1. From the list Val244, Val188, which one is crowded, with 17+ Cβ neighbours inside 10 Å and over 29 Å from Tyr341 (Cα atoms)?
2. Say whether the condition of being in the same structural domain as Cys153 (by TED's automatic domain parsing), aliphatic (A, V, I, L, M) and closer than 30 Å to Gly85 by Cα is met by at least one residue in region 326-340.
3. Just the residues that are outside any strand (DSSP E or B) and surrounded by 23 or more Cβ atoms within 10 Å (Cβ to Cβ), please, taken from region 278-289.
4. Among the residues that make up region 354-366, is at least one of them in a strand (DSSP E or B) and in the same structural domain as Ala139 (by TED's automatic domain parsing)?
5. State which residue pairs qualify: first residue under 25 Å from Leu307 (Cα atoms) and inside region 140-163, second residue of a type in the set (S, T, N, Q) in any location, beta carbons under 7 Å apart, and separation of 6 or more residues or different chains.
6. So which of Leu71, Leu109, Leu25, Leu40 ends up being more than 18 Å from Glu133 (Cβ to Cβ) and either among the hydrophobic types (A, V, I, L, M, F, W, C) or in a strand (DSSP E or B) (or both)?
7. Looking at region 216-227 only, could you name the residues that are without any contact (Cβ under 8 Å) to a residue 40 or more places away in the chain and closer than 14 Å to Phe258 by Cβ?
8. If you go through region 30-89 one residue at a time, how many are surrounded by 22 or more Cβ atoms within 10 Å (Cβ to Cβ), farther than 29 Å from Leu305 by Cα and in contact with a helix residue (DSSP H, G or I) (Cβ under 7 Å, 6 or more places away or on another chain)?
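The values are calculated or read from the model by the stated rules, or taken from the named source; none is laboratory data. Just so it is clear, the model here is predicted, and its values are computed rather than measured. Here the Cβ is made from the backbone with ideal geometry for all residues, glycine too, and neighbour counts use every protein chain on show.
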Amino acid sequence: MNKDIEDLLPALVALRRDLHAHPELAFEERRTSSVVAVALRDCGLKVHEGIGGTGVVGVLRKGNSTRMVGLRADMDALPMREDTGRPYVSRHPGVHHGCGHDGHTAMLLGAAQQLARAGSFDGSIAFIFQPAEEGRGGAREMVRQGLFDRFPCESVFALHNWPDLPAGTVATRPGPIMAAADRFDIVVRGQGGHAAQPHRTPDVVLAASQLVAQMHTIVSRRIPPTQNAVLSVTRISGGQSHNVLPAAVELTGTVRSFDAGVQDTIEQAVRDVAAGVARASGTAIEVEYTRYYPATINSPEHAQLALEAARSVGLETQVAETPAFTSEDFAFMLQQRPGAYLWLGQRGSNHAAPLHHPSYDFNDDVLACGVRWFTAVAQMALR
């Protein structure tokens, strides 16, 4: 590419910080979508809005080929407070770009600008700006509403900033890169009664305690040691007084895994354990088990292409030894099209906070890295 991107960076930094100051939650990204659509039109792209709710797709075509590649960025923020102290701190209390989606959006817009003015390829690039990654399945909604019917990408790529890696380094791997995410919500029901007369009512607190203990044996005793999975109970609530046995206790938690067979085993084991505890304790136990994100699985060919593109623009590359137990709804797109998901290091002296932390902020120093990678991987995919 003849023209570098240095002249784009001041405007991209300003745009990223503007998005940071105006974060929007899942499926509420109306201002963000508008900013994206205007920026894409300014590049001369054909823009399609309202896909998957607030999603935006811009299409750039050059040459005569009918081939198309997709590049994706997520736009939503998190329902959490911000504690960065930055001049561009969130103007919406309780909403924070604590995962760097503001940076992802800015990088993909920068790639659209660069490819529009200086890209060398034959075919089309679909710039996919997705809503609602944070637990609401915006990628699934875009797919359901015909994303790949309208934009027939033969492959699709995405990145995520990664504070565990130093700035200027990227990593990915063939096969699973991010975990499937399941959620369980369990209610243990009894009758309630006086704490001094426990023989008159099933003890739902005791039953819930037994349930938690037994559930934490599922991974170690039901899943082969060669497989990876995590089960965590994250919330228990019930009761209001020291001398009253409650009538119900609620439990919530998550399961992470990388194989559909492992998911099946764990879900059935949770239901089996609940049924056994219910019989033994005289309680009634209701289990709601939701598989909300599948595992994010890279095509080996496209994972290699992602690393090749990174090396071509001067980034340090690593093949990740293990996948992460965090989840990502880009998985829904990879179920429909082959592609790859890349981790882009962003750790620096002033950017060490982990993702989803009140002190997290995207590192603007890596904007150029992301723009260069997006431009390179798109052109390589259309070779």
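1. Criteria check complete, one pass: Val188.
2. no
3. Thr283
4. no
5. Phe148/Gln336; Asn161/Gln346; Trp162/Gln346; Pro163/Gln346
6. Criteria check complete, one pass: Leu40.
7. Pro224, Thr226, Gln227
8. Adding up the residues that qualify gives 3.
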